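Visitor: A single structure is presented below for examination.
Bear in mind these aren't lab numbers, they're just calculated from the coordinates by the rules spelled out. If you're wondering where the values come from, they're calculated on a predicted model, not measured in any experiment. Cβ: placed from backbone, ideal geometry, glycine included. Neighbour counts: every protein chain shown.
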Amino acid sequence: MANSQAAELIQVTVNLVNGEPQFSYLDSSGQPIDGDVTVTQAETITYQLIDNTGKGLKFAGAGFTTPFDGVIDSVNLSADGMQLQMVDTDQTAGSSKFQFVLTNTTNNLMILSPDPEVKNVPPQ
């Protein structure tokens with residue numbers, strides 16, 4: 001059975017700037033992006049963590065400001081915490097803001113990313 005769902009890969013790079021985490025995003029061709037994604041068909045968005053901090057960062061999940069809006073259908077983490085996948089069936093029009101939640105090996109405090117956004121534009 002063929003998989004009709006598209007896939008998108010975004011690299012999430014975290015650097016330390018003056019001791020504070022700084023997030024940047026690259027698309028699958030290595031071009032800088034703002035982290036927002038516009039979805040026009042069902043797809044899985046895979047975020048790959050690139051930790052340049054030396055602090056042992058890992059994805060712990062994603063927190064949503066509107067978790068019940070139906071824009072994102074599910075979130076899955078890889079066993080090693082280096083990838084986070086968002087499944088979006090593109091059935092619900094609208095936008096959903098979220099923040100990545102990361103752990104570190106230096107202490108037990110969580111790190112929050114700036115808030116990228118997924119925008120759904122279902123086919124007409």
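Visitor: In terms of modelled amide H atoms, which long-range or inter-chain residues lie less than 5 Å from the amide H of Ser95?
Guide: Asn120
Visitor: Among DSSP bridges having both ends in the chain, what percentage is antiparallel? Round to the nearest 5.
Guide: Here the antiparallel bridges make up roughly 70 percent for the chain.
Visitor: Let me ask something additional. Just want to confirm a number: the relative contact order over the chain, from Cα pairs under 8 angstrom separated by 6+ residues, in percent.
Guide: Value for the chain: 26 percent.
Visitor: Mind listing the long-range amide H neighbours of Glu117? Cut-off is under 5 Å, sequence gap 5 or more, other chains count too, H placed in the peptide plane at 1.01 Å from N.
Guide: Asp36, Val37
Visitor: Which of rounded, prolate, oblate describes the range 5-88, given a ≥ b ≥ c as roots of the alpha-carbon gyration tensor eigenvalues and a/c under 1.5 marking rounded, otherwise prolate only if a/b is larger than b/c?
Guide: Because a/c hits 1.5 or more and a/b exceeds b/c, the range 5-88 counts as prolate.
Visitor: Same structure again: Place +1 on the Cβ of every Lys and Arg and -1 on the Cβ of every Asp and Glu in the range 6-120, take the dipole about the Cα centre, and give the residue among Ala93, Val12, Leu112 whose Cα lies farthest towards its positive end.
Guide: The Cα lying farthest towards the positive end belongs to Leu112.
Visitor: Could you pull out every one of the aspartates and glutamates with an alpha carbon less than 19 Å from that of Lys58, ignoring same-chain neighbours closer than 8 positions?
Guide: In chain and number order, the partners are Glu20, Asp80, Asp115.
Visitor: Also, I was wondering about something else. Using mean Cβ contacts within 10 Å as the protection proxy, how do 39-51, 106-118 order, highest first?
Guide: 39-51, 106-118
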